[in-house]
Amino acid sequence: MKDGDFAGVKVNQSRLMEDIHSTCEWGKGESWGSHPTETGMSRLALSDSDKAARDWFASTCESLGCTVTTDSMGNQFAVRPGLNNDAPPTFAGSHLDTQPTGGRYDGILGVTAAIEMLRTLNDNWVETTYPVGVVNWTNEEGARFPISMVSSGVWAGEIPLEKAQGLKSVIPASDTATMKSELERIGYLGDVPCNYEAVPMAAHFELHIEQGPILEATEKKVGIVRGVQAYKWFTITVKGRDCHTGTTSFAHRADALLTASKMILYSHRAASKAGALASTGILTLRPGSTNTVPGHVKFSLDIRAPADKTVDEVEAQCKRAFTAIAAGENVNGINDDCTPSDRQCSIDWVTDSVSPAVNFHDDCIRCVTDASVDLFGKDKLETLTEKMTSGAGHDSVYASKRVPTSMIFIPCRDGVSHNPAEYSTPEDCGIGAQVLTGAVLRYDRLRADRGQ
């Protein structure tokens, strides 16, 4: 294709939105408005609703002329042939699983927009030089099986298959299912090995909602994503002593919950000073009785920053401080106005996940930029696009370890995500799908020009 041809290949915005909302009937969550599409999502990985979405993915892509395969982590790969099929496909995609109280656009937009790309190529009788594909990655959210992006991590060779398949479901907490047993149950334990050699890619493009407020606040339409910030996940266990709330004075308590609360507050303060983020999204305690001081608390800690060094520094500060707080020390005034206790708590710190900062590939970034020019014109590029670093992890993090990769962001209302009220306008979804399609086509031409 020539430069002037790219702008003429137009996606169908209405069709894209129909795909988004029709597939969101599987796992529809709580309502936030009066319209039937104004609901959130609760489509946990490898649930029955996830199976229904997967079935739709496979049948739809096959109807569009693709060959669909599934690997041993349940990742789905749909490939549309090109003129030269001896080389790996250029892939676009994301994930179809959601948070327990998630929205309709996180991940879902990326997969449905990639399928809209296939429809658009067929509508316009476009023959790419090399194959193009769509991927649906399994359990990106890490909500039900607690390692996010786990299946793209296995594909990239960064997470062992046995560890991933052995992950136990944490929703509900009493569940005994593993990823492997649920893959078998819903019929998506594929025969294809989950690795980048068995399913090679030439490149990986991912369209996603920003999940933050920058694009909306600056009135930009497209985020050209240059990389992803670093993050680490930890599980901290605080052990104290169960005791009666009415007969045990503050001075004689080893209150695991109060101690954990001080640790969480410290992590917030330390991250704020470092220009980082620290968050706790899971907290469990025992015994869970109104008149018993809890003696056992477990909580998650998520530390993020654009630079690996910053994450490491906040981690080190928290480790030192948490140990001191458990011993009753008044770290940076954390015990001010609290009654001192002669009882101490103990602490156990486990690292669950490490994701270093990622820089995306210049070729892919250039293709996204050129596709934005095709849509907006060169004179409006700076006005309508923003060069960005992603604050959240995505499957593109692991894909980038093996193949050229980049991402495209569109605005979401109030920057809200992982929430039923997550929302992007049909116009912005269409713009994102258009840039995604253009970027894949431009990368195909780049490969052809280089003879790859």
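The values are calculated or read from the model by the stated rules, or taken from the named source; none is laboratory data. Keep in mind it's a predicted model, so treat the numbers as computed, not measured. We place every Cβ from the backbone using ideal geometry, glycine too, and count neighbours over all the protein chains shown.
One table, with the values for the structure above:
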{"item": "Residue within segment 240-256 that is in contact with a helix residue (DSSP H, G or I) (Cβ under 7 Å, 6 or more places away or on another chain) and either not polar (S, T, N, Q) or not in a loop (DSSP other than H, G, I, E, B) (or both) present", "result": "yes"}
{"item": "Identity of the residue in segment 69-88, surrounded by fewer than 18 Cβ atoms within 10 Å (Cβ to Cβ) and of a type outside the set (D, E), that ends up nearest to the chain's Cα centre (by Cα)", "result": "T69"}
{"item": "Every residue from segment 311-330 that is among the polar types (S, T, N, Q) and either modelled with pLDDT under 95 or farther than 27 Å from S355 by Cα (or both)", "result": "N330"}
{"item": "Failed criterion for R54 (all others in (1) part of a helix (DSSP H, G or I); (2) closer than 16 Å to N122 by Cβ; (3) in contact with a strand residue (DSSP E or B) (Cβ under 8 Å, 6 or more places away or on another chain) hold)", "result": "(2)"}
{"item": "Qualifying positions in segment 235-248 - surrounded by fewer than 20 Cβ atoms within 10 Å (Cβ to Cβ) and either under 26 Å from the mean Cα position of the chain (by Cα) or in contact (Cβ under 8 Å) with a residue 12 or more places away in the chain (or both)", "result": "T235, T237, K239, R241, D242, C243, H244, T245, G246, T248"}
{"item": "Where a residue in segment 367-394 is closer than 18 Å to A439 by Cα and in contact (Cβ under 8 Å) with a residue 60 or more places away in the chain and its partner, wherever it lies, is of a type in the set (G, A, S) and in a strand (DSSP E or B), with Cβ under 7 Å and at least six apart", "result": "V368/S406; E386/G223; M388/G223"}
{"item": "Any hit, segment 230-237, residues being among the hydroxyl-bearing types (S, T, Y), in a helix (DSSP H, G or I) and under 25 Å from V311 (Cα atoms)", "result": "no"}
{"item": "Residue match in segment 368-384 (condition: more than 30 Å from I108 (Cα to Cα) and of a type in the set (D, E))", "result": "yes"}
{"item": "Residues within segment 85-103 that are in contact with a Pro (Cβ under 8 Å, 6 or more places away or on another chain) and over 18 Å from R402 (Cα atoms), tallied", "result": "4"}
{"item": "Scan of segment 140-164 for residues that are among the acidic types (D, E) and within 17 Å of V397 (Cβ to Cβ), ordered by number", "result": "E140, E141, E158"}
{"item": "Complete set of residues in segment 5-28 that are within 20 Å of the chain's Cα centre (by Cα), over 18 Å from T425 (Cβ atoms) and touching a residue at least 60 places away in the same chain (Cβ under 8 Å)", "result": "T23, G27"}
{"item": "Only one of S49, S34 that is more than 26 Å from D370 (Cβ to Cβ) and either within 20 Å of the chain's Cα centre (by Cα) or assigned to a helix (DSSP H, G or I) (or both)", "result": "S49"}
{"item": "From D5, D71, residue being within 22 Å of R144 (Cβ to Cβ) and either touching a strand residue (DSSP E or B) at 6+ places or on another chain (Cβ under 8 Å) or at pLDDT below 95 (or both)", "result": "D71"}
{"item": "Tally of residues being in contact (Cβ under 8 Å) with a residue 40 or more places away in the chain and closer than 24 Å to D302 by Cα across segment 328-366", "result": "20"}
